[in-house]
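Student: One structure follows; several queries about it will come next.
What follows is calculated from the coordinates using simple rules that are stated; it is not laboratory data. Fair warning: this is a prediction, and the values are worked out from it, not measured in the lab. Here the Cβ positions follow ideal geometry from the backbone for every residue, glycine too, while neighbour counts run over all protein chains shown.
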Amino acid sequence: MKTFYIIGFMGSGKTTIGMALARTLSIDFVDTDELIKIKTGKDIKDIFASEGEQAFREYERDVLLHTPARHCIVATGGGIVERMDNRQWLADKRVVYLQASWESIAQRLKEDQSRPIWADQTRDKQALLESRLSKYLEIASYTINTEQLSPQKIVDQIISFS
Ligand code: S3P
């Protein structure tokens, strides 16, 4: 089975759905943020603070390229689509976009401080979501509008694509 790459904005449920999907299919689950933490021995927040976003994007690129091509579910960071080379690399993979509305995302993440971009008061996150939308859609093999869908229904839909 070809690996499923799950993309979407912060707070769209990539990790929750990815883990549930991997459990259902009895295959491995990996999360690019977790791979970066293992690789660097640092939290994502610390990487942004001490090395900057650019360095984080380099780590993200590197772990993405080393994800298994088969029998795996990969949850990616919301900004994986920022780099054109990542989009090109993902373009021929099996990519599921979990599309959530700004309202749902804002409701879910509220005062979340663990995500440096979300916690950054100087950044307009709604504009960021809008600017990324076309990039998610550009590389998605499948798009699931997650509004009103239970995690189980989302998992079932993804399985129906395989
Ligand atoms: C980011 C999303 C985060 C994490 C980092 C940057 C982004 O992952 O990779 O904080 O640029 O949207 P999640 O989408 O899993 O929160």
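Student: If you average over every viewing direction, what projected area does the convex hull of the Cα atoms of region 4-148 give, in nm²?
Tutor: About 8.4 nm², averaged over all directions.
Student: Moving on to the next point. Between Arg108 and Asp43, what is the spin-label point distance in nm, taking each point 7 Å from the Cα along the Cα→C-beta axis?
Tutor: Modelled inter-label distance: 2.1 nm.
Student: Give me a comma-separated list of calculated 3J(HN,Hα) values for region 57-66, in order, Karplus coefficients 6.51, -1.76, 1.60 applied at θ = phi - 60°, integers in Hz, x for any Gly or Pro.
Tutor: 5, 5, 4, 4, 4, 4, 5, 4, 5, 9
Student: Could you give the length gained by full extension between Glu138 and Ala91, i.e. 0.36 nm per residue of separation minus their alpha carbon distance, to one decimal place?
Tutor: 16.1 nm
Student: Per-residue ellipticity at 222 nm for the chain, helices alone: DSSP H runs ≥ 4 residues times -39500 (n - 2.57), over residue total, nearest 500 deg cm²/dmol?
Tutor: -15000 deg cm²/dmol
Student: I'd like the Karplus ³J(HN,Hα) series for region 12-24: coefficients 6.51, -1.76, 1.60, θ = phi - 60°, whole numbers in Hz, and an x wherever there's a Gly or Pro.
Tutor: 8, x, 4, 6, 4, 5, x, 5, 5, 5, 4, 4, 4
Student: May I ask for the net charge around Ile144, where only other residues with Cβ less than 14 Å from the Cβ of Ile144 are counted and Lys, Arg are +1 while Asp, Glu are -1?
Tutor: +1
Student: Here's another thing I want to ask about it. Could you compute the FRET efficiency for Ser26 and Arg61, with r as their C-beta to C-beta distance and R0 at 30 Å, rounded to 0.05?
Tutor: Efficiency, rounded to the nearest 0.05: 0.55.
Student: Still on this structure, I have one more. If the only charges are +1 at each Lys and Arg Cβ and -1 at each Asp and Glu Cβ, what is the size of the charge dipole of the chain around the Cα centre, to the nearest 20 debye?
Tutor: For this selection, approximately 400 debye.
Student: Go through region 15-119 and name the trypsin sites (Lys or Arg not before Pro) that are in a DSSP coil and have 10 or fewer other Cβ atoms within 10 Å of their Cβ.
Tutor: Sparse-neighbourhood loop trypsin sites (Lys or Arg not before Pro): Lys110.
Student: What residues have an amide H closer than 5 Å to that of Val95, excluding those fewer than 5 places away on the same chain, when H is modeled at 1.01 Å from N in the peptide plane?
Tutor: Counting only residues 5 or more places away or on other chains, the set is Tyr5, Ser141, Tyr142.
Student: Let me ask something else. Could you list the chymotrypsin sites (Phe, Trp or Tyr not before Pro) in region 115-162 that lie in coil according to DSSP, counting only those with at most 14 other Cβ atoms within 10 Å of their Cβ?
Tutor: Sites meeting the loop and neighbour criteria: Phe161.
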